[in-house]
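The values are calculated or read from the model by the stated rules, or taken from the named source; none is laboratory data. These figures come from a predicted structure and were not determined experimentally. Don't worry about glycine lacking a Cβ; one is built from the backbone with ideal geometry, like all the others, and counts go over all protein chains shown.
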């Protein structure tokens with residue numbers, strides 16, 4: 001099939017983008033990398049009267065580091081996340097999640113903002129943003145605002161963005177000190193969406209005690225899910241892998257998960273798999289934090 005007819009717009013500033021969204025409302029859709037949008041349009045699973053191509057807006061591309069945060073403009077390609085030294089040094093979890101995003105052809109075109117705004121519950125970036133407590137910069141007719149990641153993802157393919165708002169950038173807090181990070185997922189084939197995935201970050205103090213933890217899941221619900229009870233249970237414990245009851249932490253992390261059955265896996269299988277991946281991710285992250 002082919003996409004239904006639409007008007008094409010190629011603005012060159014953020015203000016122009018915001019103006020088009022304000023003028024056309026629900027009938028307008030942002031075109032960034034197009035890796036999810038174009039197939040939906042081609043199959044006529046979605047229709048929009050106006051496509052607003054942001055690829056000519058220089059403000060919407062690039063990575064900067066400022067005041068304890070790394071700011072990733074929404075139009076920045078996945079391939080940049082794989083290679084950028086600032087991201088690798090200050091937000092390693094992003095770098096490690098990126099090779100799991102589709103195939104390299106997808107990463108050459110796909111964008112960070114597109115992945116976040118598309119809000120696929122089986123995608124890696126939303127879970128990373130949630131676990132690291134990222135902040136999403138948004139621009140609309142009322143001006144700029146920031147949305148915490150915990151409030152941004154509200155359902156499958158659904159965010160708290162208004163129809164006339166543009167995601168401008170994602171800001172990720174940086175972790176200092178002795179830290180470890182890991183991403184674990186299971187997919188049928190490399191490049192497929194994950195059946196289940198887990199992202200993890202831990203930090204230990206000079207005595208080797210865990211003083212910060214982040215743990216999130218994707219593929220187990222309508223949104224990415226953060227395991228707050230498991231994070232709290234890690235705080236104050238010795239960070240050596242042999243000193244942590246990983247099975248206990250995994251039980252805490254997964255006890256309230258209620259994934260549904262589908263063609264790929266049963267909910268019971270997904271929950272069990274989440275527990276296994278939690279142990280693997282924690283083992284890698286704790287080992288990195290304590291062993292350097």
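See the values below:
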{"item": "Every pair of residues 6+ apart whose Cβ atoms lie under 6 Å, when the first sits in segment 199-227 and is in contact (Cβ under 8 Å) with a residue 40 or more places away in the chain and at positive phi while the second is crowded, with 24+ Cβ neighbours inside 10 Å and not in a strand (DSSP E or B)", "result": "208/239; 219/194"}
{"item": "Positions within segment 73-101 being in contact with a helix residue (DSSP H, G or I) (Cβ under 6 Å, 6 or more places away or on another chain), buried (at least 19 other Cβ atoms within 10 Å of the Cβ) and either closer than 21 Å to residue 179 by Cα or in the same structural domain as residue 183 (by TED's automatic domain parsing) (or both), in sequence order", "result": "81, 87, 93, 94, 95, 97, 98"}
{"item": "Counted residues, segment 173-205 - those being out of contact with any helix residue (DSSP H, G or I) (no Cβ under 8 Å at 6 or more places or on another chain) and assigned to a strand (DSSP E or B)", "result": "1"}
{"item": "Residue list for segment 130-157, filter: more than 20 Å from residue 14 (Cβ to Cβ) and in contact (Cβ under 8 Å) with a residue 60 or more places away in the chain", "result": "130, 131, 132, 133, 150, 153, 154, 155, 156"}
{"item": "Set 141, 148, 126, 121: member being surrounded by fewer than 14 Cβ atoms within 10 Å (Cβ to Cβ), closer than 26 Å to residue 31 by Cβ and in the same structural domain as residue 93 (by TED's automatic domain parsing)", "result": "141"}
{"item": "Some residue of segment 267-290 being in a loop (DSSP other than H, G, I, E, B), modelled with pLDDT of 95 or more and loosely packed, with under 15 Cβ neighbours inside 10 Å", "result": "no"}
{"item": "Checklist (1) assigned by TED's automatic domain parsing to the domain that holds residue 120; (2) surrounded by 13 or more Cβ atoms within 10 Å (Cβ to Cβ) applied to residue 27, failing item", "result": "(1)"}
{"item": "Given (1) in contact with a strand residue (DSSP E or B) (Cβ under 8 Å, 6 or more places away or on another chain); (2) under 22 Å from residue 126 (Cα atoms); (3) in a loop (DSSP other than H, G, I, E, B), index of the condition residue 236 fails", "result": "(2)"}
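Residues checked against (1) in the same structural domain as residue 102 (by TED's automatic domain parsing); (2) surrounded by 17 or more Cβ atoms within 10 Å (Cβ to Cβ); (3) modelled with pLDDT of 95 or more:
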| site | (1), (2), (3) |
| --- | --- |
| 132 | yes, yes, yes |
| 136 | yes, yes, yes |
| 163 | yes, no, no |
| 189 | no, no, no |
